[in-house]
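Nothing in this text is a laboratory measurement; each read-out follows from the coordinates by a stated rule. Remember, it's a predicted structure, so these values are computed and weren't measured experimentally. Note that we place each Cβ from the backbone using ideal geometry, even for glycine, and neighbour counts take in every protein chain shown.
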Amino acid sequence: MEWVVPKSTHAPEKPLFLCVLSNTGTAHIPNISAAGKTASLTDYTPAGDAEIVETGSIISVPIMPMTPPYDTPTPAVITRAALNLTGVPHMFVNAGLKIVPDISFVDLGAKPGEDIRKPVAVHGAQDIFERARKLGTEIQDRTDLLVIGESIPGGTTTAMGVLNALGYDGNVSSSSSLNPLELKEKVVREGMSVSDITFGSLRDDPIRAVTCLGDPMMVAVAGIVAGMGDTEIVLAGGTQMAAVFAIIKHLGLATDNISVATTIYVADDATANFTGLMNKLGMTVYVADPGFEKSHLAGLHRYKAGDVKEGVGAGGAMYLAHLYGVSQENFRLEVERICTQLCG
């Protein structure tokens, strides 16, 4: 049985994995993000994720990016496993970090995002977009398949805000098995009220939607895609990348070369309407199942329970492993090996 569906026969010659790292003040709202042991520790999560993907461990970050209460491993271990098994080159982009990882990255000069209940959530959104577009243009000749992931705690709430502003009902997913949808909806309503936005009122101005209700990662990814021309793009993520796709679509950019790859944990999330949203947006979606229920590691079993669903481009990274002929079992074994080393 295929572990990535639908099966793809595409064989890229020069694939590249890119991960955009950001922070947003929205993640500091108590109980809105589980991407860290406390709300303030979510500031460290993107840097920790990047260091794990790059080195297999944390370097400058004081605490492992694990999801409480069971210390479920960050999806960075999934992405590292895929890159280990395939040898696909990768790069990181700083699009507004509070904590900078001790690895190499491209810096877009973006400020971290604010709480979306403030009048401006993303400062200089258009400038970030343009600098990211320039980056896309610079790397265009390096790849024939660009897979773009993200790490930004609080990002599903900002995704809900932008989707609402663009006119999409979006029950977004969560990094927790207990998706705090009511809290997210309340925060989005407050943010829309502060910026005098109503449902769908910014369908013709997606940059302002991000400025008021989004996060820096969104315009960074959209800008990179804009600079890539007709290169094949895979947006690696769930509802956050759905919001990015909506931004790209409402900017009037071509989308025929763009698809989404996510995990089965997002696709099966009963608290979200990922499939319905994808259908409305007209996206091609690949869904990857790493088979963690077969693992001997209790932490990986928590993915099936919904404690972690996606992040750090996990779905897209598994899609790459699938393209390289890696089996589900061999992939899971590599994830287990990385987790054992990380815990050790």
Any lysines with Cα under 16 Å of the Lys14 Cα? List them, leaving off those in the same chain fewer than 8 positions away. none
Sorting check: for 218-228, 310-320, which peptide has the highest mean count of neighbouring beta carbons within 10 Å, and how do the rest follow? 310-320, 218-228
Have a look at Gly214, Gly252, Gly170 and tell me which one the Gaussian network model of the chain (Cα, springs below 10 Å) gives the largest fluctuation. Gly252
Of all alpha-carbon pairs in the chain, indicate the percentage at a distance above 37 angstrom. 7
Go through the range 79-95 residue by residue and turn each phi into a ³J(HN,Hα) via Karplus (6.51, -1.76, 1.60, θ = phi - 60°); whole Hz please, and just put x for glycine and proline. 5, 4, 4, 5, 5, 4, 6, 9, x, 5, x, 9, 8, 10, 10, 8, 10
Below 17 Å, Cα to Cα, which lysines can Lys111 reach? Residues fewer than 8 away in the same chain don't count. Lys98
Given the chain, what percent of its DSSP beta bridges are antiparallel, to the nearest 5? 10
Straight-line reach only, C-alpha to C-alpha below 17 angstrom: list the aspartates and glutamates that Lys249 could link to, leaving out same-chain residues fewer than 8 apart. Glu130, Asp169, Asp204, Asp205, Asp230, Glu232
Residue separation times 0.36 nm, minus the C-alpha to C-alpha distance between Asp169 and Arg189: what's the value? 5.9 nm
Quick check on the range 113-258: take the gyration tensor over C-alpha atoms, sort the square-rooted eigenvalues as a ≥ b ≥ c, and tell me if it's rounded (a/c under 1.5), prolate or oblate. prolate
Among 13-24, 278-289, the order from most to least packed when residues are scored by Cβ within 10 Å on average: 13-24, 278-289
